[in-house]
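The values are calculated or read from the model by the stated rules, or taken from the named source; none is laboratory data. Not measured: the values here are computed from a predicted model. Reconstructed Cβ throughout: ideal geometry from the backbone, glycine too, with neighbour counts over all protein chains shown. For accessibility, only protein heavy atoms count, side chains too; no ligands or nucleic acids. Shrake-Rupley method; radii C 1.70, N 1.55, O 1.52, S 1.80 Å.
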Amino acid sequence: MKLRLLPLRASLLPSALLLAATLSALAADAPVPKPANATVALIRSLAESGALKPEAVAALVAQAEADAAAQDAAIKAAVAAALATQQPSAPPVAAPVPEGTVRVTYIPAPVRAQMMEELRHEVLTQAAEENWAAPRTFPDWVARFRLFGDVRVRYEGDNFPAGNDNTGAFPNFNAINTGAPFDVTGSAFSPQLNVDQNRARARLRARLGFAVDLEEGFTSGLRLATGESNSPVSTNQSLGLAGSGQGGQFSKYALWLDRAFVRYDRPGAPGQSLSASLGRFENPFFSTDVLWDDDIGLDGLAVQGRAPVGDTVTPFFAVGAFPVFNTDFNFASIQPAKFKSTDKWLYAAQAGADWQARGDTSLKFAAAFYDFAGVEGKLSSPFTPTSAADQGDTDSRRPSFAQKGNTYMALRNITPSALNGFGTTNQFQYFGLATPFRDLALTVRLDFNRYAPVQISLLGEFVTNLAFSRSAIAAKAVNNLGPGGAGDFVGGGDAWMLGLKVGHAALDKSGDWNAGLVWRRVESDSVIDGFTDSDFGGGGTNLQGWSLSAAYALSRRVSLAARWMSADSIAGPAYKNDILQLDLTAKF
C-alpha cells in the first residue's frame, strides 16, 4: 500500500501532527492515544529535538487541545479506512481499550516507515518555508549581515610646560578660515591656539557599523561615529563640552556618517585579490599616522590588488582618486555672476610587497605618491572688500579643515582705496596653504616572530614634499618665521618616524599585551596638517618628539591602554606639549 500525503496548510498542521502520533502507535501495535494527547506529545518531542521554535510550541499545543474533539472522529475514520484495505486473514479479538482510542491490528513495516517519513518531510518542509521551525538557524539575509563596533572611554591630560610663546604667535587659521574673514588691520588678536593652560578631559568614542554581503562579489557597508565636530581625523567627543548645538548639561551628542561604501571583490586564486571601493571607506594605503591619522576616511574610488610570486613574495598595489573639496555650487553666494570652480583632488598610487624572509621573519615595504591637486592657496583678483560679507574669487582655496603647523599665505589681493582708508582699514583676509603638496612616502615594517606569540616589530616611514620650495614659500609666508615673526621662513618639507613594538600583534584574548616606542619629526610643510595624527602634540605638523605606549587585554573584547606623548616645535615660536591618555576600550 502507498500512502500519498497532501500538502499541509497551517490550519491543518495539528491534524497532521495527530496523524503522525497515531501512526507511531500503530507501528508499535499499541493503543492510539486521544488526539490532543498525541499531538501534544509529538509537539514536545519535536521541540526537544530542536525542530520547532519554542515560541511555536505554546500555540500548537493550544490549538491541538481546542480541536481535539473534532479531530478524534476524523482520525478514527482514517484508521478504519486503512484497516479495510489490509483484509486480515482472521478478525482480531478486541481487547478492552480506554475510551477515545482505536486499536489497529497490523500495517506492514515498510508501509509504516514510508508513511512516517513522508509525513515528517512535509511537516518540516512547511516549517522551514514558514520560518517557525529550526530555532538555531536564521533567514538567509541575516547571515549576510555582519555587525561591528566599539566604545572607548578616555582620560586625557594636556600639559604645556613653561616657556611656550603666548604673545599671539599661534593664530588659529582653522577658526579664521571656517568663520568670517579676519581684519588684519584691527587692534584685536586673531583667534589663537591654547599654548599655556593645561586641560583635563574625559572623552568618548563610539562607533557602530555593518557590512552586508550582496553576493557575487559585491559588499556594502556603513558606519556611524561620535565626534564633537566633523573633523576628518577624530571621532572623540569630549564629555560635557558645549559647542555646535550639542553637549554640556548632560545634553545629547551627535553621530556622523563615518563610512558608506560599495565594494567589488573579483574572485581569484588563493592569495590573490582584486577589489574596487566606491564611496567613503578605510584608508587603502599602507602608511603610518605621520601622513594619515588612524581615523581618516577617504572619499572617492580606490582599486587594490595583490598576487603571490613564488612562495615568499606577494606584490601589492593601491590606486585611487579622491575629492578633497568641492566648490559650493552657488559660489560666490552674494553675487549674480559666479566664480570659477576650484575643486581639489587627491590622486594617489602605491606599490609594494610582502616578503616572508624566513619562517619567523617577514618584511612589508611600499612606495607611494600622493598628488594633492589644487589644495595650495592662490592670490585673488584685485578687489576692495567693504565688509566681512564680501567674497574674493579664491576664497574657496582656503582649507575647510586644518590643525596647525602648515605655512599660510594671504588669499585676497585687496586694492587700497578711499573705501578702506587706502589700506589702513577693512583688510578682511582669508589664508591658504603657501605650498603645493606632492608627497613621496616610503614605508616599511619588519616583524620577528621567533618568540611567538610575542612579536617584535619595527616600523618606519619617510615622507618628502616634492613640491616644497623654500624660496617660493618665503616670498608669501605669514607664519613659521624666525624670532618675533619678522625673520626668514624657517619651515621644512620632510618627515620621518621610527617605531618599535613588542608583544602580541593583536589583543585577542585575556592577558595579551603589547608596548611601543616611537620617535618622529614632522616638518611644517612635509604633509598636510589637516590629515596627520590628531593626538601627537595636539595634532598637526612642525613637531618632533617621542611616544610611549602600553596595552593589556582584560578579556577577548575589553582592553586597557596608556600612552604618553612629548612634542616640541621644530621651527618658529617656542611650543611644547605633553599628553597623557588612559583608555578603556570595548569592541564587538
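Worth pointing out:
Conditions tested, residue by residue: (1) farther than 18 Å from Tyr253 by Cβ; (2) of a type outside the set (Ser, Thr, Tyr).
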residue	(1), (2)
Asp196	yes, yes
Arg201	no, yes
Leu208	no, yes
Ala211	yes, yes
Glu216	yes, yes
Leu222	yes, yes
Ala225	no, yes
Ser229	no, no
Ser234	no, no
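- Per-region count, the range 298-325, residues more than 24 Å from the chain's Cα centre (by Cα) and of a type in the set (S, T, N, Q): 2
- Every residue from the range 253-265 that is in a strand (DSSP E or B) and either surrounded by 13 or more Cβ atoms within 10 Å (Cβ to Cβ) or modelled with pLDDT under 95 (or both): Trp256, Asp258, Arg259, Ala260, Phe261, Val262, Arg263, Tyr264, Asp265
- Residue-level analysis places Leu440 among those that are in a strand (DSSP E or B) and either in contact (Cβ under 8 Å) with a residue 60 or more places away in the chain or over 30 Å from Leu500 (Cβ atoms) (or both).
- Single residue of Arg445, Arg450 found to be farther than 30 Å from Asn166 by Cβ and modelled with pLDDT under 95: Arg450
- Once the range 100-128 is narrowed to residues that are modelled with pLDDT under 65 and open to solvent by 50 Å² or more (accessible area, probe 1.4 Å), the residue that is farthest from Pro139 (Cα to Cα) is Thr105.
- Among the residues of the range 145-163, just one is under 30 Å from Leu214 (Cα atoms) and small (Gly, Ala, Ser), namely Gly149.
- Taken together, Gln272, Gln304 contain a single residue that is polar (S, T, N, Q), surrounded by fewer than 18 Cβ atoms within 10 Å (Cβ to Cβ) and in contact with a Pro (Cβ under 8 Å, 6 or more places away or on another chain), which is Gln272.
- Residue match in the range 200-211 (condition: out of contact with any Pro (no Cβ under 9 Å at 6 or more places or on another chain), surrounded by fewer than 17 Cβ atoms within 10 Å (Cβ to Cβ), touching a residue at least 60 places away in the same chain (Cβ under 8 Å) and not in a loop (DSSP other than H, G, I, E, B)): yes
- Of the residues making up the range 286-306, those that are hydrophobic (A, V, I, L, M, F, W, C) and in a loop (DSSP other than H, G, I, E, B) are Phe286, Val290, Leu291, Trp292, Ile296.
- Just one of the numbered conditions (1) open to solvent by less than 40 Å² (accessible area, probe 1.4 Å); (2) not in a loop (DSSP other than H, G, I, E, B) is not true of Gly491: (2).
- Any hit, the range 533-545, residues being over 25 Å from the mean Cα position of the chain (by Cα), in a loop (DSSP other than H, G, I, E, B), farther than 26 Å from Asp299 by Cα and in contact (Cβ under 8 Å) with a residue 40 or more places away in the chain: yes
- Looking only at residues in the range 311-340 that are open to solvent by 60 Å² or more (accessible area, probe 1.4 Å) and among the small types (Gly, Ala, Ser), the one that is modelled with the lowest pLDDT is Ser333.
- Hey, Leu278 part of a strand (DSSP E or B), under 30 Å from Leu500 (Cβ atoms) and within 17 Å of the chain's Cα centre (by Cα) or not: no
Yes/no matrix, rows are residues, columns are (1) among the β-branched types (Val, Ile, Thr); (2) over 16 Å from Thr443 (Cα atoms); (3) buried (at least 21 other Cβ atoms within 10 Å of the Cβ); (4) touching a Lys or Arg at 6+ places or on another chain (Cβ under 9 Å):
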| residue | (1), (2), (3), (4) |
| --- | --- |
| Asn465 | no, no, yes, yes |
| Ala475 | no, yes, no, no |
| Gly487 | no, yes, no, no |
| Trp496 | no, no, no, yes |
| Ser510 | no, yes, no, yes |
| Val518 | yes, no, yes, yes |
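- When the range 561-588 is limited to residues that are farther than 14 Å from Ser547 by Cβ and polar (S, T, N, Q), the one that is surrounded by the most Cβ atoms within 10 Å (Cβ to Cβ) turns out to be Ser569.
- Counted residues, the range 414-443 - those being under 29 Å from the mean Cα position of the chain (by Cα) and crowded, with 17+ Cβ neighbours inside 10 Å: 4
- Residue list for the range 554-588, restricted to those being under 29 Å from the mean Cα position of the chain (by Cα) and among the aromatic types (Phe, Trp, Tyr): Trp564, Phe588
- Among the residues of the range 543-560, the ones that are open to solvent by less than 30 Å² (accessible area, probe 1.4 Å) and under 26 Å from Gly493 (Cα atoms) come to 3 in all.
- Any hit, the range 212-234, residues being part of a helix (DSSP H, G or I), open to solvent by 70 Å² or more (accessible area, probe 1.4 Å) and either within 21 Å of Gly538 (Cα to Cα) or touching a residue at least 60 places away in the same chain (Cβ under 8 Å) (or both): no
- When Phe250 is tested against (1) more than 21 Å from Asp150 (Cβ to Cβ); (2) at pLDDT 95 or above; (3) part of a loop (DSSP other than H, G, I, E, B), exactly one condition is not met: (2).
- Subset of the range 364-411 [more than 24 Å from Phe468 (Cβ to Cβ), open to solvent by less than 20 Å² (accessible area, probe 1.4 Å) and outside any helix (DSSP H, G or I)]: Pro385, Gly392
- Counted residues, the range 341-378 - those being charged (D, E, K, R) and at pLDDT 95 or above: 6
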